1. Taking interchain pairs and intrachain pairs at least six residues apart, which have beta carbon atoms under 7 angstrom, with the first residue in the range 5-28 and open to solvent by less than 70 Å² (accessible area, probe 1.4 Å) and the second β-branched (Val, Ile, Thr) and at pLDDT below 85?
2. Taking only the range 84-126 into account, find how many residues are touching a Lys or Arg at 6+ places or on another chain (Cβ under 6 Å) and either free of Cβ contacts under 8 Å to residues at least 12 places away in the same chain or open to solvent by 50 Å² or more (accessible area, probe 1.4 Å) (or both).
3. All but one of (1) within 23 Å of Pro141 (Cα to Cα); (2) modelled with pLDDT under 85; (3) among the small types (Gly, Ala, Ser) hold for Gly11; which doesn't?
4. Of all residues in the range 56-83 being aliphatic (A, V, I, L, M) and more than 23 Å from Thr126 (Cβ to Cβ), which is most open to solvent (accessible area, probe 1.4 Å)?
5. Restricting to the range 134-151, and then to whatever is outside any helix (DSSP H, G or I) and open to solvent by less than 50 Å² (accessible area, probe 1.4 Å), can you tell me which residue is modelled with the highest pLDDT?
6. Among Ala38, Ala60, Ala112, Ala104, which is the only one that is over 25 Å from Leu137 (Cα atoms), in contact with a Leu (Cβ under 9 Å, 6 or more places away or on another chain) and among the aliphatic types (A, V, I, L, M)?
Amino acid sequence: SALRQTFKAGGARNVDENLSDIKAQIAANQKGATLIEAAEHYYGGDVLYAYMTHIQAVSAAAVRQKIRALAASPQPSRLHARDRMDDGNEIDLRLTLDPESGSAVFDFTHSADQSPSNQNAPFSVTYSAVIYALRSLIDEPLPLNGGFLAPVTILLREGSLLHPDK
């Protein structure tokens with residue numbers, strides 16, 4: 001198939017595994033869409049929307065509460081971390097926590113320029129990593145959702161490893 005040829009041309013290590021992963025992701029998305037349609041049919045669109053909005057608000061409040069707690073701890077409200085990829089390119093995170101608003105700024109703008117190798121991550125991957133990290137800090141049984149990012153600003157530089165332009 002054309003997708004298989006694209007993977008091979010791009011130097012993918014395990015084409016069959018990559019294709020299986022993509023098929024699983026498509027199936028999961030289709031199942032999710034089917035379940036949401038069924039919930040809308042059963043409860044009605046207004047009720048479904050209200051509950052989804054509520055889940056996002058509860059998630060945002062949980063993140064704000066955690067950020068306030070972290071900012072109030074003895075550690076500084078400004079944190080800095082660097083890590084190198086296998087190819088030597090650096091990911092640089094400068095995290096600023098605001099104890100009053102319960103918000104945070106994840107600043108990745110000092111990360112390396114995009115790489116000609118396959119080590120780049122589209123900004124959606126960076127957002128996913130941030131939301132996952134925030135979710136792992138919350139002790140409540142909340143599903144991953146956009147509410148986790150409501151109190152957060154993510155700064156990325158176009159043309160960087162975490163926001164490549166190609």
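The values are calculated or read from the model by the stated rules, or taken from the named source; none is laboratory data. Here the structure is a predicted model, which is why all the values come from computation and not from measurement. Positions of Cβ are generated from backbone atoms using ideal geometry, with glycine treated the same way; all protein chains shown enter the neighbour counts. Ligands, DNA and RNA are stripped out before the accessible areas are found, and what is left, the full protein with its side chains, is counted by its heavy atoms. Shrake-Rupley method; radii C 1.70, N 1.55, O 1.52, S 1.80 Å.
1. Cβ pairs passing all conditions: Phe7/Val15.
2. Summing the residues that are touching a Lys or Arg at 6+ places or on another chain (Cβ under 6 Å) and either free of Cβ contacts under 8 Å to residues at least 12 places away in the same chain or open to solvent by 50 Å² or more (accessible area, probe 1.4 Å) (or both) in the range 84-126 gives 1.
3. The single condition Gly11 does not satisfy is (1).
4. Ala72
5. Within the range 134-151, the match that is modelled with the highest pLDDT is Pro151.
6. Sole residue among the options that is over 25 Å from Leu137 (Cα atoms), in contact with a Leu (Cβ under 9 Å, 6 or more places away or on another chain) and among the aliphatic types (A, V, I, L, M): Ala112.
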